[in-house]
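Note sheet for the following structure.
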Amino acid sequence: MARPARNVFVCQNCGAIAARWAGKCASCQEWNSLVEEEAVPPLPGGAAAAAGKGRVLALESLASASAPATPRLASGSVELDRVTGGGIVPGSALLIGGEPGIGKSTLLLQLAARVAAAGRNALYVSGEEAAAQVRLRAERLGLSRAPLALVCDSNLANILATLNEGPPPDLVIVDSIQTLWVDALEAAPGSVSQVRAAANALVRFAKLSGSAVILVGHVTKDGQIAGPKLVEHMVDTVLYFEGDRGHPYRILRAAKNRFGATDEIGVFEMAGEGLREVSNASELFLPERQASAPGSAVFAGIEGSRPLLVEMQALVVPSALGTPRRAVVGWDANRLAMLLAVLAARANVSFASHDVYLNVAGGLRITEPAADVAAAAALLSSIRNLALPPDRVFFGEIALSGAVRAVRHTPLRLKEAGKLGFKSAVLPAAGEAASDPEALKRLGLAHVGELTIEPCASAPAA
């Protein structure tokens, strides 16, 4: 007789399993995250017996002629299609995460309504709201007449039975995966075992039926999608919906995409009638720039394949503290500490007695190393109280030796800056050659010590 499976304690942060309860997870060091869950009983006879009941699968050659490409499901949104790589692939599973209230439900309700209006079969499954609440949001967004099917339930068995009734829908949106529960599991909805089982069942449905399934996931305080990392491995695409509640701008970023490029972004603006697409994101982040103020530098960046110009603001003031303060918003704090050390050692500019504040305007978060030169220019401009030329952009990576290293997509950055009226660019001296004869004036920089701040007259923003 098989022994009954003992309950285990599962970390709700990382999914690690422990035999007994502890105050802190030994895997991720998170406090009070272990929750008792019922263990899944082993299969009778073990894995060998289960393998003996399988059937032999037909082998296919990788070199054989490929089947015709399946047309993607157009979302009706240029920005969303850009992030997904040209549209949603039928039979794929997507996971989108974001902070509460950032606009995930609004984005997906607009997407489902556009797909339904195009003559496709779309189904919106809400496990968090009642049908009346979803209809109120649809009326506010002007989507109340969209031919969109709506289901409000959190029982996974009922949802799968509804999906398997009749022809499979082209698009299924589940909001959210943390609200679903499986009858066979005793754990509460949102626990690791429930999320894992629900995600596995929905991904399997997508692969077998050919329906595109989009799952909404909550995020933790660290900004990661809640639940086990296994869910992110199961799905084909992982999207993060980012933004600052103090700004109307929202960034949809691809962290994983089996059918397109990663780190691609789509830019939206939150308005009263919902989310609106932003075709030229550079103009969105620069109109309120005060070019005559010291500490302001324009960074010509790349997000995925998209050029993006954004303002980097620095404020350097004498410190009254024994340990000067370092505050960063929108950039890596460790990167700032390294840059300050390089400026002190290689450019003879010390910030040891100053408080340093660095901010990326517009609520955008920059992870590209090419922002080093723009951040250094803003810091030097602030500490010397001299404004930078208003028609100049900066980009380049700074090494620990002080050398300025080349970055990718130099012509694309220069083209975007020239389109917005900038006249010159401070960039790595070893960068790519400009293919456009009318390109910006290139000010090559080989070492951070060559980065000088010349006095310039006040001028309006570019």
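Given the range 233-276 reduced to its alpha-carbon atoms as identical point scatterers, what log10 I(q)/I(0) does the Debye formula return at q = 0.14, 0.31, 0.34 Å⁻¹? Rounded to two decimals, the profile gives -0.39, -1.03, -1.15. Scanning residues 5 or more positions from G243 or on other chains, those with amide H under 5 Å from its amide H are I251, with H placed 1.01 Å from N in the peptide plane. Roughly what angle does helix 333-346 make with the longest principal axis of the chain, taking Cα atoms, 0 to 90 degrees, to the nearest 10? Relative to the chain, helix 333-346 is tipped by roughly 30 degrees.
Among the listed pairs K207/K256; K104/K415; K207/K229, those with a Cα-Cα distance over 25 Å are K104/K415. What's the Cα-based Rg to Rh of the chain, Rh via Kirkwood? Result: Rg/Rh = 1.04.
Alpha carbon centre of the range 178-212 versus the range 277-343: separation in Å? After rounding, the separation between the Cα centres reads 42 Å. Output the 0 to 90 degree angle, nearest 10, between the alpha-carbon long axis of helix 410-419 and the longest principal axis computed from the alpha carbons of the chain. Long axis of 410-419 versus the principal axis of the chain: about 70 degrees.
A Cα-only calculation for the range 283-450 places Rg and Dmax at 15.0, 52 Å. Between E165 and A261, full extension at 0.36 nm per residue minus the direct alpha carbon distance yields a gain of 31.1 nm. By how many degrees, 0 to 90 and rounded to 10, does the Cα axis of helix 131-140 deviate from the longest principal axis of the chain? Long axis of 131-140 versus the principal axis of the chain: about 30 degrees.
Amide hydrogen proximity for V393: with H placed 1.01 Å from N in the peptide plane, the residues at 5 or more positions away or on another chain lying under 5 Å are S424, A425, V426.
Among the GluC sites (Glu not before Pro) in the range 387-432, those placed in a DSSP loop whose Cβ has at most 16 other Cβ atoms within 10 Å are E432.
Over all orientations, the range 115-189 has a Cα convex hull whose mean projected area works out to 5.4 square nanometres. Of the three principal axes defined by the Cα atoms of the range 328-427, the extents in descending order read 40, 26, 25 Å.
Computed log10 I(q)/I(0) for the range 78-279 at 0.12, 0.18 Å⁻¹: -0.56, -1.39, from the Debye equation with unit scatterers placed on every C-alpha and solvent omitted. Computed from backbone phi with θ = phi - 60° and the Karplus coefficients 6.51, -1.76 and 1.60, the 3J(HN,Hα) list for the range 257-270 is 7, 6, 10, x, 7, 8, 6, 6, 10, x, 10, 10, 10, 7 Hz; x is used for glycine and proline. For L95, nonlocal amide neighbours, meaning residues 5 or more places apart or on other chains whose placed amide H falls under 5 Å from its own, are L215, T237, V238, L239.
None of the figures in this text is laboratory data; all of them are computed from the coordinates on show. Just so it is clear, the structure is predicted and the values come from calculations on it, not from any experiment. Every residue, glycine as well, gets a Cβ built from its backbone with ideal geometry; the counts of neighbours run over all protein chains shown.
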